[in-house]
């Protein structure tokens, strides 16, 4: 009779451990999915930025430095995202957002460019992508937080360590990017 009770307890513990393991797998995959959703938007923005820069080049002959900064930052974001380096994406995103902010501020000096239908369409598209990336970044960080909390809570901690579940990195941005934009500096 004692052996049957022992087997029953062992079966309950095994079922519980399998449930924990499956929950951890689900969270890990949710983090991957959230990152993939960000990556899709980064690729879309990556494809749109050269079109924007080409449109601007037709009007902005003296602003090559601004355009080059945007393209370099674009390449950095794409490379970091391709490596899955969340910290590097955060740093590259800061540079890209600063470059885009400066580009859109400089555009104010070019009324013909502002009136260009192609430019307006691209500007709206990139703004929409920026907003979508911000939304997806929030969802990604929420998934990462759930994952990281679960792998540090008991009894999930035991299963997480046994099967080498790892913490995921939050997508964070520099203090510079979090500060309010200095509009005087952009237009000065």
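Among (1) within 16 Å of the chain's Cα centre (by Cα); (2) surrounded by 13 or more Cβ atoms within 10 Å (Cβ to Cβ); (3) closer than 30 Å to residue 146 by Cβ; (4) touching a residue at least 24 places away in the same chain (Cβ under 8 Å), there is one condition residue 84 misses while meeting the rest; what is its number?
Checking residue 84 against (1) within 16 Å of the chain's Cα centre (by Cα); (2) surrounded by 13 or more Cβ atoms within 10 Å (Cβ to Cβ); (3) closer than 30 Å to residue 146 by Cβ; (4) touching a residue at least 24 places away in the same chain (Cβ under 8 Å), the one that fails is (2).
Given 72, 32, 114, 51, which one is modelled with pLDDT under 85 and part of a helix (DSSP H, G or I)?
Just a single option satisfies the conditions, and that option is 114.
Residues 9, 20: which one is at pLDDT 85 or above and either surrounded by 15 or more Cβ atoms within 10 Å (Cβ to Cβ) or within 17 Å of residue 136 (Cβ to Cβ) (or both)?
20
Let me spell it out: the conditions are (1) in contact with a helix residue (DSSP H, G or I) (Cβ under 8 Å, 6 or more places away or on another chain); (2) within 21 Å of residue 164 (Cβ to Cβ), and residue 37 meets all of them except one. Which number is the exception?
Only one criterion is unmet by residue 37, namely (2).
With respect to the numbered conditions (1) touching a residue at least 12 places away in the same chain (Cβ under 8 Å); (2) touching a helix residue (DSSP H, G or I) at 6+ places or on another chain (Cβ under 7 Å), which one is the sole condition not fulfilled by residue 57?
Unmet for residue 57, out of (1) touching a residue at least 12 places away in the same chain (Cβ under 8 Å); (2) touching a helix residue (DSSP H, G or I) at 6+ places or on another chain (Cβ under 7 Å): (1).
The values are calculated or read from the model by the stated rules, or taken from the named source; none is laboratory data. In this text the structure is predicted, and so the values were computed from the model without any measurement. Using ideal geometry, Cβ is built from the backbone for each residue, glycine included, and neighbour counts are taken over all protein chains shown.
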